[in-house]
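Okay, structure first, notes after.
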Amino acid sequence: MRREMGAVAAMACAGVLALAGCMGIPTSGPVQEGEVQLTEPDLAIPIPTGPREGATADEVVRGFLAAAADGVYDEYQTAMEFLSLPARSDWQPWASTTVYGTADPEVAVDETDGAAVAVVTVEPVATVDDAGRYTESAGGTPVPLTLSLARSAGEWRITDLPDGVLTSYNTFANSHREVGVYFASLDGQVLVPEMRWFQNSKVVEEATRALVEGPSPWLRDGVRTGVPGGVSPSLAGVTIDASNVLTLNLASDIAGTPEVSDRDLLQEQLEATLAGTRAVISDIVVTLNGRPWAPTSDVPELEVNPAPRSGPFVLVDDAEGVAVLTEVDSGELVPVADVAPLTGMRASSPAISLDGTVRVVLDDRQRLVLLPPDAGEPTTLLEGAALLPPSVDRHGWVWTAEQFPTGGLTAVDASREPVPVAADWLTGREVRSIRVSRDGARVAVAYQSPEGPSVIEVAAIVRDEEGRPQGLGAERLVVGASLDDVVEVSWLNESSLAVLGRGDGVDDLTAYEVPLGGRSASKAPQPGAVNIAATPERIYLADEEGFLRRNQASTWVPVVPVSGLRDPAFPG
């Protein structure tokens, strides 16, 4: 397989993962259905404890919470022992997971005439649905859950409770794995991940099924998949034989033979997705309606996690006060040679395409100006009242918006033909920052909500066959809910944003890593930060004094020993 599954297997057998078969892989035997057991080294698997005889109602509730939190290890069988027989039939533990931080749930039990009501209060940091979609919660909002209890054969048992389970973040992170389920950009050039969390012992099966089921509604309009139409996800079967060959069995009512190109795309999706599970998979076999469906011998490889090969770029004023587009290269300031002088401009917010062919700046936030190659005369692409810092996508379209839009964003290319991109949900809101992902399939928008704190939403970009933007997906993904104030966003990598903002009651602007399906994490404070830029390797900040710094461990290290740098940006 082209994505070096053999190397993954070698690493896994060396101790990173423990999978049945690593101690000596059989070379023959029938295909067997089963779960791939994944365990991390040095992590003890908890053994849930059932109810003791004569336990109080309070002890039963607390025992149930503990057993349910570790229930993924025994399929919630121990947790079921705390329930009455009817409740065992009704309770759906897999429906959702409420994840809390370090503070344990509070339990208050009120007993009356042989019955009891328990109120369990928890401050969630996230919720995870039955498909593994992780949604971060705004901090500081306690959520009460009510459980009813009664005596059964003299013992307290829970008779009514909400579906789902409560668990701490550490417990959840130890029992689940975050995996990118990959789909393709609309032009079939780049793989685009949707981040999900799956139970360690079922990670291969669940990740594969998620791929077959397709992207979530928020991403659906901006990507494509090699799974043929008419496939029933509920009938898809995933098996792994003794030689670690994964077989995906698809059932479809599609007429005729699916396109070979779809099978090749599906191969790409499966390889990228399964690599993220870190499981030992030696090969992938796909059958469709019981018949082999093989890829071609030369499957074209799609790009994963496009990254800039140059930058950061900054603006530096020369002795006459004229802004100069400058690249920071190995700690040196190198003016971009083929850019005409920005004389007469109040230049700010440079943006560059991944291939370096499209370069733009703002002029006094009222003009979007194209900087042609070969020092050509700067050209006005768009005029406005208060334009936001631009972002250049993989197709060469430059995106911006008014700070107070009337319901949309604007994309414009070098032909100076602006394309309005409807976003009615932004009407009446102050937009702080927009950035298109380097794969060109998604756009992140940060805005100030009239109802409260800042909001970051990610939407899929709908394009025609030539890459021209047609609109945004009908639904959006909300991320970074734990942040109170957002000033600027930048794409860190294919699955995370770098955000300059405030959270946790902190007054100073701070850099955060905000995953698209995970828990936001703050970096070391850097007083006076005003701008942020990022690559998959590092986050950069510019401060009020014009120093450019990069994040290194728990501190911020100056990139160059001089000040006067502003508006850092990486291509893409």
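The values are calculated or read from the model by the stated rules, or taken from the named source; none is laboratory data. Owing to the predicted nature of the structure, the values given are computational and were not obtained by experimental measurement. Positions of Cβ are generated from backbone atoms using ideal geometry, with glycine treated the same way; all protein chains shown enter the neighbour counts.
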Which residue out of Ala79, Ala68, Ala57 is at pLDDT 95 or above, under 28 Å from the mean Cα position of the chain (by Cα), buried (at least 21 other Cβ atoms within 10 Å of the Cβ) and not hydroxyl-bearing (Ser, Thr, Tyr)? Ala68
Of the residues Asp424, Asp374, which single one is out of contact with any Pro (no Cβ under 8 Å at 6 or more places or on another chain), over 21 Å from Asp338 (Cα atoms) and either without any contact (Cβ under 8 Å) to a residue 12 or more places away in the chain or acidic (Asp, Glu) (or both)? Asp424
Could you look through the range 137-187, keep only residues that are assigned to a loop (DSSP other than H, G, I, E, B) and over 26 Å from Ile456 (Cα atoms), and pick out the one that is nearest to the chain's Cα centre (by Cα)? Asp187
Please verify whether Leu315 is more than 21 Å from Val443 (Cα to Cα) and over 24 Å from the mean Cα position of the chain (by Cα), treating the condition exactly as stated. yes
Please verify whether Thr357 is modelled with pLDDT of 95 or more and of a type in the set (S, T, N, Q), treating the condition exactly as stated. no
Considering only the range 400-408, I want to know if a residue exists there that is free of Cβ contacts under 8 Å to residues at least 24 places away in the same chain and not in a strand (DSSP E or B). yes
For a quick check of your reading of the model, give me the residue pairs whose first member lies in the range 337-349 and is in contact (Cβ under 8 Å) with a residue 60 or more places away in the chain, whose second is loosely packed, with under 13 Cβ neighbours inside 10 Å and of a type in the set (D, E, K, R), with beta-carbon atoms closer than 9 Å and at least 6 apart or on different chains. Ser348/Asp364
Find the residue count for the range 518-527, including only residues that are out of contact with any Ser or Thr (no Cβ under 7 Å at 6 or more places or on another chain) and either under 30 Å from Ala131 (Cα atoms) or modelled with pLDDT of 95 or more (or both). 3
Name the pairs whose Cβ atoms lie under 6 Å apart, with the first residue in the range 130-144 and within 23 Å of Leu497 (Cα to Cα), the second charged (D, E, K, R) and not in a loop (DSSP other than H, G, I, E, B), and 6 or more positions between them or separate chains? Gly132/Arg196
Selection within the range 446-493 - within 13 Å of Tyr512 (Cα to Cα) and of a type in the set (Val, Ile, Thr): Ile456, Val479, Val486, Val487, Val489
How many of the residues making up the range 552-571 are in a strand (DSSP E or B) and free of Cβ contacts under 8 Å to residues at least 24 places away in the same chain? 3
Is it the case that some residue within the range 442-449 is at pLDDT below 95, part of a loop (DSSP other than H, G, I, E, B) and within 27 Å of Val530 (Cα to Cα)? yes
What pairs can you find where one residue is in the range 315-331 and more than 15 Å from Phe570 (Cα to Cα), the other is charged (D, E, K, R) and not in a strand (DSSP E or B), and their Cβ atoms are less than 9 Å apart, with a gap of 6+ or different chains? Ala323/Arg346; Val324/Asp318
Could you please let me know if Leu382 is assigned by TED's automatic domain parsing to the domain that holds Glu417, crowded, with 22+ Cβ neighbours inside 10 Å, part of a strand (DSSP E or B) and free of Cβ contacts under 8 Å to residues at least 60 places away in the same chain? no
Which of the residues spanning the range 343-379 are under 29 Å from the mean Cα position of the chain (by Cα), part of a loop (DSSP other than H, G, I, E, B) and of a type in the set (Val, Ile, Thr)? Thr357, Val358
Identity of the residue in the range 82-121, in a helix (DSSP H, G or I) and among the charged types (D, E, K, R), that ends up surrounded by the most Cβ atoms within 10 Å (Cβ to Cβ): Arg88
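Among residues belonging to the range 516-553 that are of a type in the set (Val, Ile, Thr) and within 22 Å of the chain's Cα centre (by Cα), point out the one that is nearest to Leu483 (Cα to Cα).
Ile532
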Exclusive hit being of a type in the set (A, V, I, L, M), in contact (Cβ under 8 Å) with a residue 60 or more places away in the chain and out of contact with any helix residue (DSSP H, G or I) (no Cβ under 9 Å at 6 or more places or on another chain), set Leu166, Leu186, Leu191: Leu186
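Yes/no matrix, rows are residues, columns are (1) in contact with a strand residue (DSSP E or B) (Cβ under 9 Å, 6 or more places away or on another chain); (2) closer than 19 Å to Val192 by Cα; (3) surrounded by 14 or more Cβ atoms within 10 Å (Cβ to Cβ):
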position	(1), (2), (3)
Ala242	no, no, yes
Arg263	yes, yes, yes
Ala272	yes, yes, yes
Arg291	no, no, no
Ala307	yes, yes, yes
Inside the range 196-226, can you point out the residues that are assigned to a loop (DSSP other than H, G, I, E, B) and in contact with an Asp or Glu (Cβ under 8 Å, 6 or more places away or on another chain)? Pro215, Ser216, Gly226
Strands (runs of 3 or more DSSP E) contained entirely in the range 460-551, each with at least 3 residues that are surrounded by fewer than 17 Cβ atoms within 10 Å (Cβ to Cβ): 469-479
Kindly indicate the residue of the range 385-406 that is buried (at least 22 other Cβ atoms within 10 Å of the Cβ) and aromatic (Phe, Trp, Tyr) and also nearest to Pro306 (Cα to Cα) among those meeting that condition. Trp397
Every residue in the range 221-230 that is in contact with a strand residue (DSSP E or B) (Cβ under 6 Å, 6 or more places away or on another chain), buried (at least 17 other Cβ atoms within 10 Å of the Cβ), without any contact (Cβ under 8 Å) to a residue 60 or more places away in the chain and farther than 21 Å from Gly132 by Cα, please. none
Taking the stated definitions as given, is Trp218 buried (at least 20 other Cβ atoms within 10 Å of the Cβ) and within 28 Å of Met80 (Cα to Cα)? no
